[in-house]
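Read the structure below first, then the notes.
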Amino acid sequence: MERTFLMVKPDGVQRNIIGEIVSRFEKKGFQLVGAKLMQVSTSLAEQHYGEHKEKPFFGELVDFITSGPVFAMVWEGENVIATARQMMGSTNPIDAQPGTIRGDFGLTVGKNVIHGSDSPESAEREIKLFFKEEELVHYTKLMNDWIY
Ligand code: RTP
Ligand code: MG
């Protein structure tokens with residue numbers, strides 16, 4: 001079963017929409033296998049967003065993601081990586097469709113509420129960066145028989 005790393009960014013935590021966001025993925029049928037409220041350090045932020053190191057917005061991005069607590073999560077399910085990206089909507093909320101998380105809650109590209117892994121490689125890398133193996137829970141839900 002595929003896994004992805006999702007994170008409610010500091011703006012989402014401050015705006016009290018952790019529950020709303022978790023609820024969307026639960027209702028879709030995905031399974032939460034790990035979660036924690038945490039403060040991201042500068043070093044973790046720089047590693048997490050390493051692919052953007054040369055971009056002009058890198059400094060702002062690191063400052064923003066370390067500006068307050070985030071809610072880090074690992075979710076499991078068939079095609080969860082691509083589906084979660086669809087549910088998040090486009091990076092810039094101007095382009096994000098209504099019904100997506102960024103389309104419904106975001107206004108600016110800098111404060112766009114949620115992060116999600118963009119490929120199986122990023123998912124594996126980001127899960128390892130944020131979670132220890134023992135923080136992830138293996139369990140079966142009987143409800144899954146009605147989903148798959
Ligand atoms: P994320 O990594 O946070 O899930 O977002 P994403 O894949 O949709 O977008 P990505 O290209 O990876 O960019 C990472 C974050 O950088 C900020 N950004 N700012 N000022 C700008 O032009 C600009 N472009 C990107 C966004 O907050 C984006 O989520
Ligand atoms: Mg990205």
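The values are calculated or read from the model by the stated rules, or taken from the named source; none is laboratory data. Just so you know, these numbers come straight off a predicted model, no measurement behind them. In this analysis, Cβ positions are derived from the backbone assuming ideal geometry, glycine residues included, and neighbour counts consider all displayed protein chains. Ligands, DNA and RNA are stripped out before the accessible areas are found, and what is left, the full protein with its side chains, is counted by its heavy atoms. Shrake-Rupley method; radii C 1.70, N 1.55, O 1.52, S 1.80 Å.
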For segment 136-148, take each phi angle, set θ = phi - 60°, evaluate the Karplus expression 6.51 cos²θ - 1.76 cosθ + 1.60, and give the result in whole Hz per residue in order, putting x for glycine and proline.
9, 9, 9, 7, 10, 9, 4, 4, 4, 4, 8, 9, 9
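Within the accessible area of the chain, what % is carbon and sulfur when the probe is 1.4 Å and the other protein chains stay in place?
Looking at the chain in its full context, I get 53 percent from C and S.
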Tell me the angle of helix 120-130 to the major Cα principal axis of the chain, expressed in degrees between 0 and 90 and rounded to the nearest ten.
80 degrees
Loop-resident sites, segment 81-137, for trypsin sites (Lys or Arg not before Pro), counting at most 14 other Cβ within 10 Å (DSSP)
Lys132
Checking Gly29, Gly77, Gly99 against a Gaussian network model of the chain (alpha-carbon springs below 10 Å), the top fluctuating residue turns out to be Gly99
For the chain, the longest stretch holding no GluC sites (Glu not before Pro) located in a DSSP loop with at most 14 other Cβ atoms within 10 Å is which?
79-148
Summing -39500 (n - 2.57) over every DSSP H run of at least 4 residues in the chain and dividing by its residue count gives a helix-only mean residue ellipticity at 222 nm, to the nearest 500 deg cm²/dmol, of -10000 deg cm²/dmol
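I'd like to check one number: the per residue accessible area of segment 51-111, probe 1.4 Å, reported in Å² as a whole number.
54 Å²
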I'd like the orientation of helix 18-28 relative to the chain: the angle between its Cα long axis and the longest Cα principal axis, in ° from 0 to 90, rounded to 10.
40 degrees
